[in-house]
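Chemist: Let me begin by handing over the structure; questions about it come next.
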Amino acid sequence: MEFVMEHISKHFEKKEVLRDVEFVFESGKIYGLLGRNGAGKTTLFNCLNRDIKTDGGAFYLVENGSRREVKAEDIGYVLSTPTVPEFLTGREFLKFFIEINEGSISDVKPIDEYFDYMSIDVEDRDKLLKDYSHGMKNKMQLLINVIAQPNILLLDEPLTSLDVVVAEEMKQLLRALKDGRIIIFSTHIMDLALDLCDEIVLLNHGVLEAVDKTNLDNHEFKEKIIAALREENHE
Amino acid sequence: MNKTLRIAFSLKNTYRVNSILYSLKQIPLIKKILPQSVYKVMGLKIFANILSVIWEILSVFLGKFLYFIIMITGIGALYKTMPADSVFLHILLFLTTIGSFSNTHMFNPSRDKYYAIFLMRMNARTYTLTSYTYSILKILVGFLPFSIYFGRASGIPLWVCVIIPFFVAGAKMTVAAYSLWDYERKGFCYNENMLGKMLWIVIGILLAAAYGLPAIGIAAPHLVVYVIMVAAVPLGIVSAFKIYSFHEYREIQQQLQAQSMYQMDMAANATRNYSQKSISADTGITSSRKGFEYLNELFIKRHQKVLWKATQRISAVCSFLILGGLLLFYVRPETRKNANNLLMTFLPYFVFIMYAINRGTNFTRVLFMNCDHSLLTYSFYKQPKMILKLFRIRLREIIKVNLVPALIIGCGLALLLYASGGTDNVLNYVVLIVSIVCMSIFFSVHYLTIYYIFQPYNAGTEMKSGTYQIVLSATYIVCFCMMKLRMPTPVFGLLAIVFCIAYSIAACVLVYRYAPKTFRLRT
């Protein structure tokens, strides 16, 4: 499966945020999306998630050689600030989610199994989500996005504010998830991107470009990324 | 001090000008014309500056004018049995007492103070004193023309009229000085926006004294009022020394601002806290339904308080008023005929009443803050069939919330009509009940529809849609104008029923058509 973006553009009033985004993402890989502050990473995600309209261009999936439109259920989008319905308990949220998606979730498991999978403690499972900690909310959000098994998983700065243990758990989880789907992961933290991602993609000046790592060690690779980001901003 | 005043002014002016420009940018059509760089276009800036200056001048006089004409002489004119001058002095005395501690200026943690003292790091003492002096001067200048005009009109001696502004200022300064002294002793600062229970009770008592006593023929004797007024002047002067010599203004402002919402992310936090608090912690609440019905039932049950409390209150008040009307007919049968005429022509009035008691905007706000705000970030929730399924459920709920008071009012009106002498056509009763119920349904549909079509909030729970606000204002204006309309009840009732049904159908069609695209988080 491939996720193809063609000539996506988006501007806000006169500011051109996305100029001509073109890229082909392949399944089975984690892509690290790097870009400077205000480069448009979140805008790009919002466009892909259809929260905002693009001005032009298209994105679609290619499966077994045939192209098809990206549907809402193809995309899972995990935001940096976790948002969960605070009036539900963790268990209720999962139950609700599983019930309304009955048709589309393959092999539904018992709810506690999902909690175990995310290492959410037994005593927390029946608490209102408003009383969950930041990290736990994050886990819930990711869990919901994982159960539905979307073809594309967009993660916007997801690990930045988690403690080291939870962050490590999440990393393991993402690695385990990457088979058969495309994970695009935006971050400011270079080491995280290098550690977790199979490919590094830069969003700079409104276009996407891959950074080639062939023949470079981590240090040289880092230098190359920074140079690319810095240079283009001084054009 | 002069320099401080200048800086304070330009600071206040800058953010006022920017707010004006910002609100201009929220209006749909104008938004398109305005350039992106609106905040630096000279012509627009000058225009907004002029507005800002006009507003500053108006604020000196307009408030005082309204205060006198409504709160004092306006209400005062209702007490026909009492001499006008006594009522004037009496009400003024009590209202000034309330104002002296509930509207101090100094203990109001306003936004300009936060900007000046904490963001711009201006000297707290100089800034507070300057802006305080300015506010006292505004009182003196703003009060004088109206105290003379309205005072003389009520037959108050000229010298008293002249003293009134000084009395008001003196009272405020005395309270301010006392509070500062109190702070020195206890280290705890008075905040006029967070009055304790006791002070609210005091305000209630003073208000009752201001407007209640004249009704039973009691007013404070002139001499007493004069003595208090005159005494306030030297007290004010002594207080001025205290205020001037006080040195811990920064500490005070710090305490005040810490309790207020103007700090940068405090506003967002406050909304969050509020919405969290509105969730019931009752662990006994569960639901045996499935899917969206399950979500809805838990939502309604856990937000019972915010969603249903107002409805219950409104229903109680309406029942009470209707019983009162019935009682009146019984005690004073001569009122029946007039009431009967009113009931047969006053139905348009009820459009406004139904508008006023409708809980639609509150309902949709809670829906967003506590539910859609988070769920709209999940793609499964945004699938068209899911949106529409939930829309149907919510439509049912919002209609339910508003239907109880509507039924009470509708049946109540029919009952009043019957008790006031009835009507020769039975259909009139039916029209009354059905049209009121229809109006209620109309407003419910209306609010839910515009919520689904415009979805005005962004992820930070800020209202972002100018169009939504314009639709709300238009709704208000139309309903308000309905009060001016006089039409026989059966005619208007039937028209209302037809309109409401047609609108509701059209609205649902719109939602089915557009909501899958428009029901999104704003960015």
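Just so you know, all these numbers are worked out from the coordinates, no wet-lab data involved. Values in this document were obtained by computation on a predicted structure and should not be read as measured data. Note that each Cβ is placed from the backbone with ideal geometry, even for glycine, and that neighbours are counted across all protein chains shown.
Chemist: Can you give the average number of partner chain beta-carbon atoms within 10 Å of each beta-carbon in peptide B:364-371, as a whole number?
Modeler: Numbers: counts 0, 0, 1, 0, 0, 1, 4, 4.
Mean shielding count: 1.
Chemist: Any chance you could list the semi-axes, whole Å, largest first, of the equivalent ellipsoid that the Cα gyration tensor gives for region A:111-235, using √(5λ)?
Modeler: Numbers: eigenvalues 216, 44, 36 Å².
Sorted largest first and rounded, they come to 33, 15, 13 Å.
Chemist: Can you figure out the FRET efficiency of B:VAL426 with A:ASP131, using R₀ = 60 Å and their beta-carbon distance, to the nearest 0.05? Write down the numbers at each step before the final one.
Modeler: On the way: r = 57 Å, r/R0 = 0.95.
It comes to 0.55.
Chemist: Next up: Per DSSP H run of at least 4 residues, take -39500 (n - 2.57); add these up for the protein assembly as shown, divide by its residues and hand me the 222 nm value, nearest 500 deg cm²/dmol. Let's see the in-between values first.
Modeler: On the way: 27 runs with 462 residues, N = 758.
One gets -20500 deg cm²/dmol as the mean residue ellipticity at 222 nm.
Chemist: Can you list the lysines whose alpha carbon is less than 20 Å from that of B:LYS309, not counting same-chain residues fewer than 8 positions off?
Modeler: B:LYS277, B:LYS301, B:LYS400
Chemist: Still on this structure, please answer the following. Suppose R0 equals 25 Å; then what is the FRET efficiency for B:GLU184 and B:ILE50 from their Cβ-Cβ distance, rounded to the nearest 0.05? Spell out each step's value before the answer.
Modeler: Details: r = 44 Å, r/R0 = 1.75.
According to the calculation, E is roughly 0.05.
Chemist: If you place +1 on the Cβ of every Lys and Arg and -1 on the Cβ of every Asp and Glu, how big does the dipole about the Cα centre of region B:291-518 come out, in debye to the nearest 20?
Modeler: Values: 22 positive and 7 negative charges, 85 e Å.
Once rounded to the nearest 20, the dipole reads 400 debye.
Chemist: Looking only at other chains, what is the average number of their beta-carbon atoms within 10 angstrom of each beta-carbon in A:92-104? Present the calculation step by step, with values, prior to reporting the outcome.
Modeler: Numbers: counts 5, 4, 0, 5, 9, 6, 1, 7, 12, 4, 2, 0, 2.
Counting Cβ atoms of other protein chains within 10 Å of each residue's Cβ and averaging gives 4.
Chemist: Next question, about the same structure. May I ask for the Kirkwood hydrodynamic radius of chain B, worked out over all distinct Cα pairs and given in angstroms to one decimal? Walk me through the intermediate numbers first.
Modeler: Numbers: mean 1/r = 0.0364 Å⁻¹.
One decimal place: 27.4 Å for the Kirkwood radius.
Chemist: Thinking of region B:168-249 as a set of Cα atoms, what percent of all their pairs are more than 18 Å apart? Don't skip to the answer; put the middle values down first.
Modeler: Numbers: 1957 of 3321 pairs.
Distances greater than 18 Å cover 59 percent of the Cα pairs.
Chemist: Using the alpha carbon gyration tensor of region B:291-518, what are the three equivalent-ellipsoid semi-axes (square root of 5 times each eigenvalue), largest first, in whole Å? Numbers along the way, then the final one.
Modeler: Working: eigenvalues 267, 66, 44 Å².
Ellipsoid semi-axes (Å, largest first): 37, 18, 15.
Chemist: With labels modelled as points extended 7 Å from the Cα through the Cβ direction, what inter-label distance (nm, one decimal) is found for A:ASP191 paired with B:LEU195?
Modeler: The answer from the label model is 5.7 nm.
Chemist: Report, in whole Å, the centroid distance computed from the Cα atoms of region A:68-127 and region B:39-103.
Modeler: 56 Å
Chemist: May I ask which residue of B:ALA310, B:THR475, B:VAL498 lies farthest towards the positive end of the charge dipole of region B:291-518, with charges of +1 (Lys, Arg) and -1 (Asp, Glu) on Cβ and the Cα centre as origin?
Modeler: The Cα lying farthest towards the positive end belongs to B:ALA310.
Chemist: Counting pairs of alpha carbon atoms under 8 Å apart in space and at least six apart in sequence, what relative contact order in percent does region B:167-302 give? Let's see the in-between values first.
Modeler: Details: 61 pairs, mean separation 42.4, N = 136.
With pairs under 8 Å counted, the relative contact order is 31 percent.
Chemist: Also, I was wondering about something else. Just check region B:1-137 against the gyration tensor rule for me: Cα atoms, a ≥ b ≥ c as the square roots of the eigenvalues, rounded for a/c under 1.5, and otherwise prolate or oblate depending on whether a/b exceeds b/c. If you can, show how the numbers build up before the last one.
Modeler: Values: a/c = 3.19, a/b = 1.59, b/c = 2.01.
In terms of gyration-tensor shape, oblate.
Chemist: Given labels modelled 7 Å from the Cα in the Cβ direction, how far is it in nm from B:TYR226 to A:SER161?
Modeler: A separation of 6.6 nm, rounded to one decimal place.
Chemist: Summing +1 for each Lys or Arg and -1 for each Asp or Glu, what net charge is found among the other residues whose Cβ lies under 12 Å from the Cβ of A:SER80? It would help to have the intermediate numbers written out before the result.
Modeler: Values: positive: A:LYS41, A:LYS137; negative: A:ASP156, A:GLU157.
Spelling it out: positives minus negatives among the neighbours equals 0.
Chemist: Figure the gain on full extension for B:ARG513 and B:LEU207 (residue separation times 0.36 nm, minus the Cα-Cα span) and round it to one decimal in nm.
Modeler: Working: separation 306, 0.36 × 306 = 110.16 nm, distance 5.31 nm.
Separation in residues times 0.36 nm, less the Cα-Cα distance, equals 104.9 nm.
Chemist: Please list 3J(HN,Hα) in residue order for region A:142-156, calculated via the Karplus relation 6.51 cos²θ - 1.76 cosθ + 1.60 where θ = phi - 60°; whole Hz, with x for glycine and proline.
Modeler: 5, 4, 4, 6, 8, 4, 5, 6, x, 6, 10, 10, 9, 10, 9
Chemist: Given the C-alpha atoms of region A:2-233, compute the convex hull and give its volume per residue in Å³. Mind showing how you got there, number by number?
Modeler: On the way: hull volume 31.7 nm³, N = 232.
Looking at region A:2-233, the number lands at 137 Å³ per residue.
Chemist: Here is a follow-up. Using a 10 Å cut-off on Cβ to Cβ distances, tally the other chain neighbours for every residue of A:145-152 and report the average as a whole number.
Modeler: 1
Chemist: Given points 7 Å out from each Cα along the Cα-Cβ axis, report the B:TYR330 to B:ASN13 separation in nanometres with one decimal.
Modeler: A separation of 6.6 nm, rounded to one decimal place.
Chemist: Under 5 Å between amide H atoms, partner at least 5 residues away or on a different chain: which partners does B:MET106 have, H built in plane at 1.01 Å?
Modeler: Residues meeting the criterion, in which the H sits 1.01 Å from N, do not exist here.
Chemist: Shifting gears a bit: Calculate I(q)/I(0) for the protein assembly as shown by the Debye formula, one identical point scatterer on each C-alpha and no solvent, and give its log10 at q = 0.11 Å⁻¹ to two decimals.
Modeler: Reported log10 I(q)/I(0), two decimals: -1.36.
Chemist: Which one, B:TYR457, B:SER275, B:ASN2, is farthest towards the positive end of the dipole of the protein assembly as shown when Lys and Arg carry +1 and Asp and Glu -1 on their Cβ?
Modeler: My answer, from the dipole projection, is B:ASN2.
Chemist: Still on this structure, I have one more. List, in order, the whole-Hz ³J(HN,Hα) value for each residue of region A:126-133 obtained from phi through the Karplus relation with A = 6.51, B = -1.76, C = 1.60 and θ = phi - 60°; use x for Gly and Pro.
Modeler: 10, 8, 4, 5, 5, 8, 6, 7
Chemist: Given the Cα-Cα distance of B:ARG121 and B:ALA310 and 0.36 nm per residue of separation, how much length would full extension add, in nm? Present the calculation step by step, with values, prior to reporting the outcome.
Modeler: Working: separation 189, 0.36 × 189 = 68.04 nm, distance 4.38 nm.
My answer for the length gained is 63.7 nm.
Chemist: Can you run phi through the Karplus equation (6.51, -1.76, 1.60; θ = phi - 60°) for region A:62-73 and list ³J(HN,Hα) in whole Hz, with x for Gly and Pro?
Modeler: The phi angles translate into 10, 10, 6, x, 10, 9, 9, 5, 7, 9, 3, 6 Hz.
Chemist: Could you size up the charge dipole of region B:345-418 around its Cα centre, putting +1 on the beta carbon of Lys and Arg and -1 on that of Asp and Glu, and report it in debye to the nearest 20?
Modeler: On the way: 9 positive and 2 negative charges, 68 e Å.
I would put it at about 320 debye.
Chemist: Based only on other Cβ atoms within 10 Å, what is the fewest-to-most ordering of B:LEU195, B:LEU93? If you can, show how the numbers build up before the last one.
Modeler: Working: B:LEU195 15, B:LEU93 20.
With the fewest neighbours first, B:LEU195, B:LEU93 line up as B:LEU195, B:LEU93.
Chemist: Moving on. Take peptides A:150-160, B:149-159 and line them up by average Cβ neighbours within 10 Å, highest first, as a rough protection proxy.
Modeler: Details: A:150-160: 20.8, B:149-159: 15.9.
Highest to lowest by the protection proxy: A:150-160, B:149-159.
Chemist: Give me the dipole magnitude in Debye, nearest 20, for the protein assembly as shown about the Cα centre, with unit charges on the beta carbon: positive for Lys and Arg, negative for Asp and Glu. Numbers along the way, then the final one.
Modeler: Working: 79 positive and 61 negative charges, 711 e Å.
The calculated dipole for the protein assembly as shown is roughly 3420 debye.
Chemist: Another question, if that's okay. Based on Cα coordinates alone, diagonalise the gyration tensor for region A:34-151, multiply each eigenvalue by 5, take square roots, and list the semi-axes in whole Å, largest first. Provide the component values of the computation, followed by the final result.
Modeler: Values: eigenvalues 171, 78, 26 Å².
Equivalent ellipsoid of region A:34-151: 29, 20, 11 Å, largest first.
Chemist: By Kyte-Doolittle mean hydropathy of at least 0.0 and Cα axial length of at least 20 Å, which whole DSSP H helices of chain B are selected? Please list the in-between numbers first.
Modeler: Working: long enough: B:2-26 (36 Å, -0.32); B:42-66 (34 Å, 1.58); B:84-102 (27 Å, 1.46); B:124-153 (43 Å, 0.64); B:158-186 (42 Å, 0.81); B:197-215 (27 Å, 1.76); B:222-245 (35 Å, 1.80); B:304-331 (39 Å, 1.12); B:384-419 (51 Å, 1.24); B:427-454 (39 Å, 1.88); B:466-482 (24 Å, 1.41); B:489-518 (41 Å, 1.44).
Length and hydropathy pass: B:42-66, B:84-102, B:124-153, B:158-186, B:197-215, B:222-245, B:304-331, B:384-419, B:427-454, B:466-482, B:489-518.
Chemist: Which far-off residues, 5 or more places away or on another chain, put their amide H under 5 Å from the one on A:GLY76, with H placed in the peptide plane?
Modeler: Here A:ILE152, A:LEU153, A:LEU154 satisfy the definition.
Chemist: May I pose another question? Under 13 Å from a point placed 7 Å out from the Cα of A:GLU73 along the Cα-to-Cβ direction: which residues of region A:92-111 have their backbone N that close?
Modeler: Residues A:98-107 qualify, since their backbone N sits under 13 Å from the label point.
Chemist: Near B:ASN13, within a Cβ-to-Cβ distance under 14 Å, what is the net charge of the other residues, with Lys and Arg +1 and Asp and Glu -1?
Modeler: On the way: positive: B:ARG6, B:LYS12, B:ARG16, B:LYS45, B:ARG111; negative: B:GLU56, B:ASP112.
Neighbourhood net charge equals +3.
Chemist: Where does each of A:HIS188, B:HIS446, B:HIS247 land when they are ranked from fewest to most other beta-carbon atoms within 10 angstrom? Working shown, then result.
Modeler: Working: A:HIS188 13, B:HIS446 20, B:HIS247 10.
The fewest-first ordering by Cβ neighbours comes to B:HIS247, A:HIS188, B:HIS446.
Chemist: Leaving out same-chain residues fewer than 8 places away, which lysines sit with a Cα under 16 Å from that of B:LYS32?
Modeler: A:LYS14, A:LYS15, B:LYS464
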